[in-house]
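The values are calculated or read from the model by the stated rules, or taken from the named source; none is laboratory data. All values derive from a computational prediction rather than experimental measurement. Neighbour counts are summed over all protein chains in view; Cβ atoms, including those assigned to glycine, are modelled from backbone coordinates with ideal geometry. SASA here: full protein model, heavy atoms, side chains in, ligands and nucleic acids out. Shrake-Rupley method; radii C 1.70, N 1.55, O 1.52, S 1.80 Å.
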Amino acid sequence: MPQKQRILLIVGCIIFLAALGLWTTSNGVLAELSQCSQINTGGNIAITGGCIVKTLPEQIGTGHGDEYTPGSAVYLIRRDPARAIRRGRQIFQRKFSAAEGQGPRVNFTSTGDITENRALGAGLTDSCAACHGRPRGAAGFGGDVATFPESRDAPHLFGLGLQEMLADEMTADLRAIRQQAVDDAVASGTPVTHPLIAKGIHFGAITAHPDGSVDTSAVDGVNADLRIRPFFAHGATVSMREFAIGAFKAEMGLEAWDPILCAVTDTNNPVAMTSPSGFVYDPAQDTYERPPVCDAITDGDNDGVVNEIDPAIIDYMEFYLLNYFRPGVYEQTVHTTKGLQLMTRIGCTSCHTPSLTINQDRRVADVNTVYDPVNGIYNDLFATASTRFWVFDDGQPYPQLLPEGQPFVVENFFSDLKRHDLGPMFHERDWDGSLITEHVTEPLWGVGTTAPYGHDGRSINLDAVIRRHGGEAEAVRLAYERLSWSQQEAIIRFLQTLVIFPPDDTASNLNPGDPNGDPQDPIARGTINLGALFQISEEGGE
Ligand code: HEC
Ligand code: HEC
């Protein structure tokens, strides 16, 4: 039987077993997590779930590796991607201990100049989920840090990989237009101006001169280098891998050395690299953040722990975030449909673009989560996972399951990934006395479950954050204020249908649960059980 059929058959059997309530998993159900053997010597927990099976060395396995080294990150990403995603999730949820290198915050006295190092205002936590932990078990929202004087709110990370891919493809589009303008100017011997449009979003215009130089003064909403940086509220970071390495250091005092970003940012000989998740780093085009340590032996903190974060940990984290599910869509009614129509009519969608299309999706799976009061058990949501890989049988014990690289329409996104000036109510003081006047359009997916709002979390509800819009959105806000109360309410109601959810309490085709089962039984309540897709059983529980 061809591999793909075999795999689909396995998945089918598991779904069938799950439907019969016969499927149990050693992975159980999971939330912000300690390692099982840390909270019970010997790891003898009487019930499933609630802790991580693997120790940190077991999660690291044989390290970064390659597709021929069993137990390595690249091997699992290629040959057991569902497990690699779960491993990343367990690392995201993991409570790191001091013995594993957690802390200090910047240095032993946590003292310094915040204008030189914002991490002095970040947290010192033991887990990514400490700040991105709501709803429980998700890569959600919840934390707040003082890296800026007015604070920054931790956004949810649902759909993050889609955001990275959209921004990267749009950057390539803008740069192709720049190249075309240069070619045209050189060929014609006169200055040439081209509008900068990527996936239908307008970023002003660029003018090229016959000598090959470019004038970027009319570029709008993106830096002069035309690189769209989707991460951080003011648009500062390009890739999830860089962000994860930075967060481990700034929020948890954990230093990652990374062969990929260390090579890309090498001061003497920077080289282009592709991460195991398929992000292409080209130092000839862009500069990237250098990891805190690039020598596997020395440790900049001098706190006794060397090699705190193995590259494999970063590989799994990036792959988890790349494939992380999109937010869900709750019940649509005549009222909410009217709300969306009104948002389009008054101009909200001129910045909050409802959908954008990815040309080449690097994910291996998609999860579509919708309102389904029949099959939803805990939250009236039902998630349908579908794979987006093809099977490459290279004669090894397990075939490679590689991303198809097909187009994907990112629906209910509601962002243009562009920076806008929303006026004084959104302007943000920085520690050095300067003012940050532009922020990236916040994607509205998930907005129904993530109060409070704004990059600083200073708006208490949806109506307040909409009324806070000014500057480029002044006319649109005035149009909102002119609507009747019931029209405004329709917009709010629509926004409330854009939700995020706890994966361990959301029924799915990977574990539909049993509506008549015991509510205390983690399996019966339905879960997005990635374990159902694992290929390599000898790797054991996660
Ligand atoms: C102490 C709280 C805290 C911890 C712990 C934390 N984060 Fe964050 N995270 C934030 C805040 C706040 C932001 C928003 C930053 C900003 O816009 O200035 C953020 C933003 C992000 C973003 C960018 C999202 C976006 O849309 O801009 C990513 C990715 C991310 N965090 C990943 C992680 C990972 C991975 C970890 C664990 C290694 C982690 N975070 C730990 C608070 C935290
Ligand atoms: C000129 C572009 C623009 C227009 C027009 C616009 N927005 Fe926004 N919106 C933004 C930007 C940029 C942010 C991020 C602000 C921040 O936090 O720094 C934002 C933030 C938001 C947020 C908060 C999201 C969160 O998670 O904190 C909501 C809700 C929102 N907008 C709804 C609307 C609605 C509804 C309309 C129409 C009445 C609208 N916006 C019109 C650009 C715009």
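Tally up the carbon and sulfur contribution to the accessible surface of the chain as a whole percent, 1.4 Å probe, everything protein left in place. Carbon plus sulfur share of accessible area: 55 percent. Accessible area per residue was computed with a 1.4 Å probe on protein heavy atoms; Met273 scores about 60 Å².
Considering helices alone, the calculated mean residue ellipticity of the chain at 222 nm is -8500 deg cm²/dmol, with DSSP H runs of length four and up weighted by -39500 (n - 2.57) and normalised per residue.
With the whole protein complex present, Ile536 retains an accessible surface near 10 Å², based on a 1.4 Å probe. Straight-distance candidates among the lysines for linking to Lys95, with alpha-carbon spacing under 17 Å and chain neighbours fewer than 8 residues away dropped: Lys54, Lys249.
Give the shape of the chain as rounded, prolate or oblate, defined through the alpha-carbon gyration tensor: a ≥ b ≥ c are the square roots of its eigenvalues, a/c under 1.5 means rounded, and otherwise the shape is prolate if a/b is larger than b/c and oblate if not. Rounded, since a/c falls under 1.5.
Loop-located GluC sites (Glu not before Pro) across segment 422-496 with a Cβ neighbour count of 10 or fewer within 10 Å are lacking, with loop assigned by DSSP.
Here the relative contact order of segment 256-381, from alpha carbon pairs under 8 Å that lie six or more residues apart, stands at 22 percent.
Rolling a 1.4 angstrom probe over the protein heavy atoms with all chains in place gives segment 63-209 an accessible area of 36 Å² per residue.
Mean separation of Cα pairs under 8 Å and 6 or more residues apart, divided by the residue count, gives segment 46-150 a relative contact order of 16 percent. Legend: residues Met343, Met425, sorted from most to least accessible area (1.4 Å probe; ligands, DNA and RNA excluded), read Met425, Met343. Note on Thr193 and Ser484: their simple-model spin labels are 4.5 nm apart, each label 7 Å out from Cα toward Cβ. For the chain, the relative contact order is 18 percent, taking Cα pairs closer than 8 Å that sit 6 or more residues apart in sequence and dividing their mean separation by the residue count. Taking N as the residue count of segment 413-542, its C-alpha radius of gyration divided by 2.2 N^0.38 Å amounts to 1.51. When the residues Ile377, Ile52 are ordered by accessible surface, computed with a 1.4 Å probe over the protein chains alone, the sequence from largest down reads Ile377, Ile52. Rolled with a 1.4 Å probe across the full set of protein chains, the surface gives Ser217 an accessible area near 100 Å².
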